Amino acid sequence: MEYLIYLLAAIFIIIGIVGDVVPGLPGVPISYVAMLLIHFFTDISYPNETLVIYGIICIAITIIDYFVPIWGTKKFGGTKAGVRGSTIGLVIGVVVLPILGIVIGPLGLVGILTGPFIGAYIGEKMSGVDDRLAWRSAFGSFVGFVAGTLLKVVYSIIVGFVVIKDIIVSFF
């Protein structure tokens, strides 16, 4: 039975890392579930403090990921209109377009990658900002999105390393 849990945990780690990049899959929580599976259903045990710390980081990264594109927009000189546009673009990219992407193919992925970027640009242009600043604001939104994605991938790789290492060590 433990071998099945080990296999399941390894699959969750892989899905978690893929989910950090592919829209629609909550990669960070899936990676954390792999750690919980190992802890609760095998002889491998993690200290409660470790589980709590990884859990808090998981929740924090999941929440932060939605705000990093907005922060990037502000950091690159975006106005409130750009921030609102980035937020609207993010919501459309995260909620609406992936639903359509099920029917229309890669539109969901494109929407999540470009939603905050296009939203920030449109928001800035609607407020009368010149083209250069609008593009800069949109670029900041994209940088924020990439930063959030990297943060998620790093977390999932660390959890994956810890879990896989402990699985390998349990064999010896």
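The values are calculated or read from the model by the stated rules, or taken from the named source; none is laboratory data. The structure displayed is predicted, hence computed values, not measured ones. We place every Cβ from the backbone using ideal geometry, glycine too, and count neighbours over all the protein chains shown.
The table below gives the values:
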| item | result |
| --- | --- |
| First in region 145-172 and more than 30 Å from GLY111 (Cα to Cα) and hydrophobic (A, V, I, L, M, F, W, C), second anywhere and at pLDDT 95 or above and outside any helix (DSSP H, G or I), Cβ under 9 Å, 6 or more apart | VAL162/TYR46 |
| Qualifying residue in region 3-25 (condition: at pLDDT below 80 and either in contact with a His (Cβ under 7 Å, 6 or more places away or on another chain) or outside any loop (DSSP other than H, G, I, E, B) (or both)) | yes |
| Count - residues of region 148-172 that are under 26 Å from GLY115 (Cα atoms), surrounded by 16 or more Cβ atoms within 10 Å (Cβ to Cβ) and not basic (Lys, Arg) | 6 |
| Close pairs from region 65-90: first within 9 Å of GLY144 (Cα to Cα) and in contact (Cβ under 8 Å) with a residue 12 or more places away in the chain, partner of a type in the set (D, E, K, R) and in a helix (DSSP H, G or I), Cβ under 9 Å, at least 6 apart | ASP65/LYS152; THR73/GLU124 |
| Selection status of TYR54, part of a helix (DSSP H, G or I), of a type outside the set (S, T, N, Q), touching a residue at least 12 places away in the same chain (Cβ under 8 Å) and closer than 22 Å to VAL169 by Cβ | yes |
| Residue match in region 28-51 (condition: closer than 14 Å to SER141 by Cα, touching a helix residue (DSSP H, G or I) at 6+ places or on another chain (Cβ under 6 Å) and buried (at least 17 other Cβ atoms within 10 Å of the Cβ)) | no |
